[in-house]
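Structure first, commentary second.
Bear in mind these aren't lab numbers, they're just calculated from the coordinates by the rules spelled out. From a predicted model like this one, the values you see are computed outputs, not experimental measurements. Every residue, glycine as well, gets a Cβ built from its backbone with ideal geometry; the counts of neighbours run over all protein chains shown.
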Amino acid sequence: MDEKEIIEQLEDLARRLGVKVRYEELKKEGTFSPGGLCRVKGEDILIVNSKVGAEEKMLVLAKALASFDLGRVYMRPALREFLSRESSPTKED
């Protein structure tokens with residue numbers, strides 16, 4: 001799978017989990033954030049910095065979605081492998 005396809009599948013997975021994905025320009029003086037998961041009024045929202053590249057978008061999406069119970073969620077084997085690899089505790093950030 002290429003990066004675009006992985007991002008699309010991660011976005012679809014988020015929707016199926018009830019997580020809203022928003023791409024916004026995140027800028028704060030002196031710091032940079034690629035994004036992350038938050039909860040607003042009981043709704044899970046994953047905000048991804050629109051200025052990051054495809055690889056960083058994939059990592060932000062994967063890290064956030066890996067925090068959910070994915071055991072009973074259908075996804076393509078390649079996507080499950082990607083999520084497992086990217087959310088592994090041995091992976092260096």
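Roughly how many debye, to the nearest 20, is the charge dipole of the range 3-86 about its Cα centre, given +1 on each Lys and Arg Cβ, -1 on each Asp and Glu Cβ, and no other charges? Please report the intermediate quantities before stating the final value.
On the way: 16 positive and 15 negative charges, 52 e Å.
Computed charge dipole of the range 3-86: roughly 240 debye.
List the trypsin sites (Lys or Arg not before Pro) in the range 7-93 that DSSP assigns to loop (not H, G, I, E or B) and whose Cβ has at most 15 other Cβ atoms within 10 Å. Which are they?
Qualifying residues, ordered by number: 27, 41, 51, 72, 91.
Are there GluC sites (Glu not before Pro) in the range 40-93 that DSSP marks as loop and that have at most 16 other Cβ atoms within 10 Å, and which are they? Please list the in-between numbers first.
Working: sites: 43, 55, 56, 81, 86, 92; in loops: 92.
Answer by residue number: 92.
Just tell me the longest site-free run in the chain, where the sites are chymotrypsin sites (Phe, Trp or Tyr not before Pro) in a DSSP loop having at most 13 other beta-carbon atoms within 10 Å. Provide the component values of the computation, followed by the final result.
Details: sites that count: 32, 74.
That would be 33-73.
For residue 51, list the lysines whose Cα falls under 17 Å from its own Cα; do not include residues on the same chain fewer than 8 positions away.
4, 27, 28
How many percent of DSSP beta bridges within the range 3-86 run antiparallel, rounded to 5?
Of the beta bridges lying entirely in the range 3-86, close to 60 percent run antiparallel.
What 222 nm value per residue comes from the helices of the chain, counting each DSSP H run with n ≥ 4 as -39,500 (n - 2.57) and dividing by all residues, nearest 500 deg cm²/dmol? Walk me through the numbers on the way to the answer.
Details: 3 runs with 36 residues, N = 93.
Result for the chain, helices only: -12000 deg cm²/dmol.
What do the square roots of 5 times the Cα gyration tensor eigenvalues come to for the range 3-86, in whole Å, largest first, as semi-axes of the equivalent ellipsoid?
Numbers: eigenvalues 94, 48, 20 Å².
Values for the range 3-86, descending: 22, 15, 10 Å.
Need the full-extension length gain, residue 16 to residue 80, defined as separation in residues times 0.36 nm minus the C-alpha distance. One decimal, nm. Write out the running numbers ahead of the final one.
Values: separation 64, 0.36 × 64 = 23.04 nm, distance 1.46 nm.
Extra length from residue 16 to residue 80 when fully extended: 21.6 nm.
Roughly how many nanometres apart are two label points built 7 Å out from the Cα toward the Cβ at residue 56 and residue 25?
About 1.4 nm, to one decimal.
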